[in-house]
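Undergrad: The structure is given below, and queries will be raised subsequently.
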Amino acid sequence: MTTTTNTIKTIAISLPADLADAVARMAERDGKTLDDFVANSLRDACKADFDAQLAKIHEGWHLRMMRLGLFSEEDIFRYLES
């Protein structure tokens, strides 16, 4: 079993006052610290970006398979054996 240790890195960002206020209100509404709220929001954004990239890769492979006439697992195995 592997244990992962999260290292904390402090960064400074500048936000327009209205956005900073809105983020602080959302964090308070959710009962989170500002640090936790921003970290979770950025983590969600990174996951959404990863999922979008994965979907593009999947779509590309799906189109290639269709062009090759590979519509089932059996088609793929036949193609690989040829």
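Undergrad: In Å², and per residue, what accessible area does segment 1-69 have when probed at 1.4 Å with the other protein chains present? Intermediate results must be reported in sequence, preceding the final value.
TA: Numbers: 6490 Å² over 69 residues.
Per residue, segment 1-69 has 94 Å² of solvent-accessible surface.
Undergrad: Helix-derived [θ] at 222 nm for the chain: sum -39500 (n - 2.57) over DSSP H runs of at least 4, divide by residue count, nearest 500? Present the calculation step by step, with values, prior to reporting the outcome.
TA: Details: 3 runs with 56 residues, N = 82.
So the calculated ellipticity at 222 nm is -23500 deg cm²/dmol.
Undergrad: Starting from the eigenvalues of the Cα gyration tensor, five times each then square-rooted, give me the equivalent ellipsoid semi-axes of the chain, largest first, whole Å. Let's see the in-between values first.
TA: Numbers: eigenvalues 404, 61, 24 Å².
Calculated on Cα positions only, the semi-axes equal 45, 17, 11 Å.
Undergrad: Along the positive direction of the dipole of the chain (beta-carbon charges: Lys, Arg +1; Asp, Glu -1; about the Cα centre), which of A39, L15, F71 reaches farthest?
TA: Of the options given, the answer is L15.
Undergrad: Where does the Debye-calculated log10 I(q)/I(0) of segment 1-44 sit at q = 0.19, 0.31 Å⁻¹, using only Cα point scatterers of equal weight, no solvent?
TA: Those come out to -0.68, -1.20, one per q.
Undergrad: Going highest first, how would you order 53-59, 35-41, 18-24 by mean Cβ packing within 10 Å?
TA: Working: 53-59: 9.9, 35-41: 14.1, 18-24: 11.7.
Final packing ranking: 35-41, 18-24, 53-59.
Undergrad: Heavy atoms only, probe 1.4 Å: what % of the accessible area of the chain goes to carbon and sulfur, would you let me know? Could the numbers behind the result be given before it?
TA: Details: 4600 of 7800 Å².
Carbon with sulfur: 59 percent of the solvent-accessible area.
Undergrad: Still on this structure, I have one more. Rounding to the nearest 20 debye, state how big the charge dipole of the chain is about its Cα centre with +1 on each Lys and Arg Cβ and -1 on each Asp and Glu Cβ.
TA: Values: 10 positive and 14 negative charges, 35 e Å.
Charge dipole of the chain: 160 debye, to the nearest 20.
Undergrad: Related question: Summing Lys, Arg as +1 and Asp, Glu as -1, what charge do residues with Cβ under 14 Å from the Cβ of R25 carry, R25 excluded?
TA: Taking every other residue near R25 into account, the sum is -2.
The values are calculated or read from the model by the stated rules, or taken from the named source; none is laboratory data. Everything numeric here is computed off the predicted structure, so don't read it as measured data. No Cβ is skipped: glycine too gets one built from the backbone with ideal geometry, and neighbour counts run over all protein chains shown. To get the accessible areas, we keep the full protein, side chains included, count just its heavy atoms, and leave off ligands, DNA and RNA. Shrake-Rupley method; radii C 1.70, N 1.55, O 1.52, S 1.80 Å.
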